[in-house]
Amino acid sequence: MKIVVCVKHVPDATADRTFTEDGTTDRDAVDSVLSELDEYAVEQALRLTESGVDAEVTYLTVGPDDAKDALRKSLAMGGDRAIHVSDDDIRGSDALGTSLVLAKAIERHGFDLVVCGMASTDGSMGVVPAMLAERLGVPAVTHLDELAVSAEDGSVTGRREGESATVRIQGTLPAVVSVTDRSGDARYPSFKGIMAAKKKPVETLDLTDLDIEPEWTGGSAARSAVDTTAKRPPRTKGEIVADEGAGGVGLAAFLTAKKFV
Amino acid sequence: MAEILVLVDHVDGTVRKPTLELLTLARRLGEPSAVFLGPGADAATDVLGTYGAQKVYVVDAPEVAEHLVTPAVDALAQIAASSGPGAVLLPSSLDGKETAARLAVRLESGLITDAVDITADQDGRPVTEQSVFAATYQVTAHVTEGVPVITVKPNATAPEPAPATPVVEKVDVTFGPTATATRVLSRTPRVGGDRPELTEADVVVSGGRGVNGAENFAIIEALADSLGAAVGASRAAVDAGWYPHSHQVGQTGTQVSPQLYVAAGISGAIQHRAGMQTSKTIVAVNKDADAPIFELADYGVVGDLFKVLPQLVEEIDRRRG
């Protein structure tokens, strides 16, 4: 079975992120890392192979040169090989353009299961897994905090905690799944893993390799545009009081003045 | 005026509040048409009309009830093809966002998710406002190609009635081959008791590490009940097993935007702030005067939540007589 894990190299979510003048994320302003939420996807793919699913695990990323770091980190955790799609004409792509590039690369490689994180920690739309499923014409079984694959009956089953109910869902393979940060802690790469990762194959592809016309991707193909970006004004510092025995009474007075009581 | 399609979020015909907010926003852009999937449309039509739906498209097919997302995409794509809407609005729920994602690909349209407001530009086209980078930036954006597909966060606006008598149109949808490829095996509804749902609540009272134990969440619940609030929890409290994950407020939990957010025993790590800092009024109670949550608070009490909260509940009761 072929498992493809989509990973993204993103500006560190714990740093102060900013925009460039064209309304895209300023990627030079802060260090980039493997998106934390993608580590759970890597972990789940590796656990599937360790639980007896006979599979080759391939990591896939789209991005400039340094996006390879996300692949190396993933390979250091485990897995077999990686694909890096890099092309100047991809810069500025929206989720639709990104999902097109990912889908073409996945089709070219072949797949039984695509594993994604629940969202990236930069765009955080969480829509790429569903877009991939739509483009690949397969089921999406998303937002899982538990995942099981049966090669015998060709299905993937998972548990999703929705807004109003916990749902067990099942899709037929091939399928796209996404996993949450509740699916299980991601392992740290071992020294051995880091050394082994250096020898694992990383294939680099551009848009020509994927039969994608340059005008289908990038900022000019994006179907939405940012008009303005503004740093949220910091909240005006409120009234902070030390409790000297009447803290609750004072708070009640504040809530009453605000008409919450 | 353009038709604006609104996907109805409902439980067996009981329309959920975010849908009423979508109808309210849709009226700024054109004539709202509700798209109702599954059984229970008769019960829902009145309330959809009360909030301005001029039309209700009804798709009552077994595919919709038994399978996730893709049947809704088939239905919306088909209705959009015949009605040529000015926009499609969906709730920013898991299913809503996934439906929107597939629909945008299907319609070759631009997609905007998690809008916190929508206005019309001079040509009536939607301009969205989003809150990004852990709610540190406000972004306005618009769709440049196709039918704008927009998901809107709960509490983006207050639902405003605008009574209409909707035309009901039953639609037979031709479902595609993937419509039935994802099945719901079981569904366990959340036992929420009498408290409002976290995403929809006007007031949220959350507890964190400082609550120090599952049994102490009774203090958080008592204040929540006193204020008619939903109960939230920080990731620390959830990871410690003190409160269910379904109540986690934060970047990877539920993102809330209530009128009032009360943070008790929560220090305010960035992941938590990302999930609550668009709340209109924020109140914090924490022993640590240096806790980052106080930077956001409109009113903060540096003190022991085990003393402050019970006193607060008592004082609220006293003021209410």
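Quick note: the coordinates plus some simple rules give every number you see, no bench work behind them. Note that the structure is a prediction, hence the values are computed from the model and not measured. As a convention, Cβ positions derive from the backbone with ideal geometry for all residues, glycine included, and neighbour counts pool all protein chains shown.
Structural remarks
- Antiparallel content of DSSP bridges confined to chain B, in %, to 5: 25 percent
- The value given for the stretch A:1-52 is a Kirkwood hydrodynamic radius of 12.9 Å, derived from the mean inverse Cα-Cα separation.
- Look at the stretch A:137-147: the mean tally of other chain Cβ atoms within 10 Å of its residues' Cβ atoms is 4.
- Förster radius 51 Å - calculated FRET efficiency between B:D123 and A:D69 (Cβ-Cβ, nearest 0.05): 0.70
- Close amide H contacts of B:K55 (hydrogens built in the peptide plane, cut-off under 5 Å, sequence separation of 5 or more or a different chain): B:A34, B:V167.
- GNM flexibility winner over chain A from A:V156, A:V53, A:V167 (Cα, springs under 10 Å): A:V167
- Once the Cα atoms are used to define both axes, helix B:217-227 deviates from the longest principal axis of chain B by about 60 degrees.
- Taking every C-alpha pair closer than 8 Å and separated by at least 6 residues, the mean separation divided by the residue count of chain B gives a relative contact order of 15 percent.
- Database remark: amide H of A:A165 closer than 5 angstrom to the amide H of B:R190 (H placed geometrically; neighbours at sequence offset of 5 or more, or on other chains; Pro and chain starts carry no H).
- About the Cα centre, charge dipole magnitude for the protein assembly as shown (Lys/Arg +1, Asp/Glu -1 at Cβ), debye: 880 debye
- Between A:S178 and A:C116, A:V141, A:T142, A:H143, A:L144, the built amide H atoms are under 5 Å apart, and every one of these is 5 or more places off in sequence or on another chain.
- Placing pseudo-labels 7 Å out from each Cα toward the beta carbon at B:D172 and B:Q259 gives an inter-label distance of 4.8 nm.
- Cα gyration tensor shape for the protein assembly as shown, rounded if a/c is under 1.5, else prolate or oblate: oblate
- Of all DSSP bridge pairs formed entirely within chain A, close to 40 percent run antiparallel.
- For the segment A:168-176, counting C-beta atoms of other chains within 10 Å of every residue's C-beta and taking the mean gives 4.
- In sequence order, the stretch A:155-169 has phi-based couplings of 9, 10, 10, x, 10, 10, 8, x, 5, 10, 7, 8, 10, 9, 10 Hz under the Karplus curve 6.51 cos²θ - 1.76 cosθ + 1.60, θ = phi - 60°, and Gly or Pro positions carry x.
- Nearest-20 debye value, the stretch B:143-274 charge dipole, Cβ charges on Lys, Arg, Asp, Glu: 400 debye
- The rule of thumb for compact globular proteins, 2.2 N^0.38 Å, goes into the C-alpha radius of gyration of the stretch B:1-88 0.99 times.
- Sequence of A:S155, A:S93, B:S234 once ranked by neighbouring C-beta atoms within 10 Å, starting from the fewest: A:S155, A:S93, B:S234
- For the stretch B:131-143, 3J(HN,Hα) computed residue by residue from phi via the Karplus equation (6.51, -1.76, 1.60; θ = phi - 60°) reads 10, 10, 6, 6, 6, 8, 10, 10, 10, 9, 8, 8, 8 Hz, glycine and proline entered as x.
- Rg(Cα) / (2.2 N^0.38 Å) computed for the stretch B:175-219, rounded to two decimals: 1.95
- A simple rule links phi to the HN-Hα coupling: the Karplus curve 6.51 cos²θ - 1.76 cosθ + 1.60 with θ = phi - 60°, which for the stretch B:61-74 gives 10, x, 4, 5, 7, 9, 10, 8, 6, 4, x, 5, 5, 4 Hz, with x for Gly and Pro.
- Cα-based shape type of the stretch A:159-198, given that a ≥ b ≥ c are square roots of the gyration tensor eigenvalues and the cut on a/c is 1.5: oblate
- Look at the dipole of the protein assembly as shown built from charges on Cβ: of B:Y299, B:A179, A:P64, the Cα furthest out on the positive end belongs to B:Y299.
- When the C-alpha to C-alpha distance is required to be over 24 Å, the pairs from A:K237/B:K153; B:K55/B:K280; A:K68/A:K200; A:K259/B:K280; A:K2/A:K200; A:K73/A:K231 that qualify are A:K237/B:K153; B:K55/B:K280; A:K73/A:K231.
- Nitroxide proxy distance, nm - points 7 Å out along Cα→Cβ at A:K237 and B:R319: 2.5 nm
- Ranking B:G213, B:L227, B:T281 by Cα position along the charge dipole of chain B, where only Lys, Arg, Asp and Glu carry charges on their C-beta atoms, puts B:G213 farthest toward the positive end.
- Note on A:K192: aspartates and glutamates with a C-alpha under 15 Å away, same-chain residues under 8 apart excluded, are A:D80.
- Computed over the stretch B:233-321, the Cα gyration tensor eigenvalues convert (square root of 5λ each) into semi-axes of 22, 15, 14 Å, ordered from largest to smallest.
- Average partner coverage of B:297-308, which counts Cβ from other chains inside 10 Å: 6
- In a simple Cβ point-charge model (Lys, Arg +1; Asp, Glu -1; nothing else charged), chain B has a dipole of about 380 debye relative to its Cα centre.
- Computed over the stretch A:106-241, the P(r) curve from all C-alpha pair distances, binned at 10 Å from the origin, holds 9, 25, 30, 24, 8, 3, 0 percent per bin.
- Candidates A:L96, A:G137, A:V33 compared by Cα position along the dipole of the stretch A:1-142: farthest toward the positive end lies A:G137, with charges placed on Cβ.
- The protection proxy used here, the mean number of other Cβ atoms lying within 10 Å of each residue, ranks peptides B:276-286, A:238-248, B:61-71, B:149-159 as follows, highest first: B:276-286, B:149-159, B:61-71, A:238-248.
- Take every DSSP beta bridge whose two residues both sit in the protein assembly as shown; close to 40 percent of them are antiparallel.
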